[in-house]
Ligand code: FER
């Protein structure tokens, strides 16, 4: 990393940690995940992580994604798919490097707490020459362009490559920070494609609350809309704004304020746990 890059990310981290938000002890908060939920357990079946490469007509390149298939994955059965997005400094490896998504899911399956699903971890920066090392203004259009790449290129690729259920009830979109903003923007804009949407500590790329809902009645038909943030995260106001607007519009959603939570993977791993054990289930 160049010194410029280090300075850029140090600046972002400082801004994110220097929270002025007061602790909201009266705010709704789900019970924390149980001890060990993110620790590798011996003697349980494990899912598999693999790399796939798809042709992106949007970007004009072959692009990579990580794919998790659950324990006992059987190509003669069909599965729902969770598309799980990374943050501004990451790529398709961020969740597996820092968030142990395979461990969290393996443990949920060992305890029969989640519906067997495929999890796709894409690179949410859809451009030929933009990397995590570029300044935010240069990256932002690439994060927005991922909507097209996801809908036109990645989802069709996954649906022809894996044995998946290809309907809105069987597609979920969630992500952290920049990827949380993408999930809310794209999810609420494509309600025919996704029935389950999650924004974890969503960043300021989230559309302003007044512009986030394209169709209020259609949004009410989401099976799950999960919005969560730590109350010590410098970006908490983004999630607070989304929650206030959803309440005002009477859109059902799960609002989870992680008391003491900052802008980090401790929070995002717990969000994945909460989201994964609700998604594709009968009752959110
Ligand atoms: C910003 C601050 C943080 C922003 C994005 C982020 C688009 C993203 C942070 C992350 O993904 O961790 O002003 O603007």
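Laboratory data are not the source of any read-out in this text; all were calculated from the coordinates shown. Remember, predicted model here, so these are calculated numbers, not experimental data. We place every Cβ from the backbone using ideal geometry, glycine too, and count neighbours over all the protein chains shown.
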Residue 191 passes all but one of (1) without any contact (Cβ under 8 Å) to a residue 40 or more places away in the chain; (2) assigned to a helix (DSSP H, G or I); (3) surrounded by fewer than 24 Cβ atoms within 10 Å (Cβ to Cβ); which number fails?
(2)
Could you list, in sequence order, all residues of the stretch 231-277 that are part of a loop (DSSP other than H, G, I, E, B) and more than 21 Å from residue 95 (Cβ to Cβ)?
231, 232, 234, 249, 250, 251, 252, 253, 259, 260
Being under 23 Å from residue 76 (Cβ atoms), touching a residue at least 24 places away in the same chain (Cβ under 8 Å), surrounded by fewer than 18 Cβ atoms within 10 Å (Cβ to Cβ) and more than 16 Å from the chain's Cα centre (by Cα), is that true of even one residue in the stretch 165-174?
yes
Among the numbered conditions (1) within 16 Å of the ligand (Cβ to nearest atom); (2) part of a helix (DSSP H, G or I); (3) over 24 Å from residue 99 (Cα atoms), tell me where residue 207 comes up short.
(2)
Among 124, 181, which is the only one that is without any contact (Cβ under 8 Å) to a residue 60 or more places away in the chain, under 15 Å from the mean Cα position of the chain (by Cα), under 24 Å from residue 233 (Cβ atoms) and in a loop (DSSP other than H, G, I, E, B)?
124
Just one of 233, 271 is farther than 24 Å from residue 105 by Cβ and surrounded by 17 or more Cβ atoms within 10 Å (Cβ to Cβ); which is it?
233
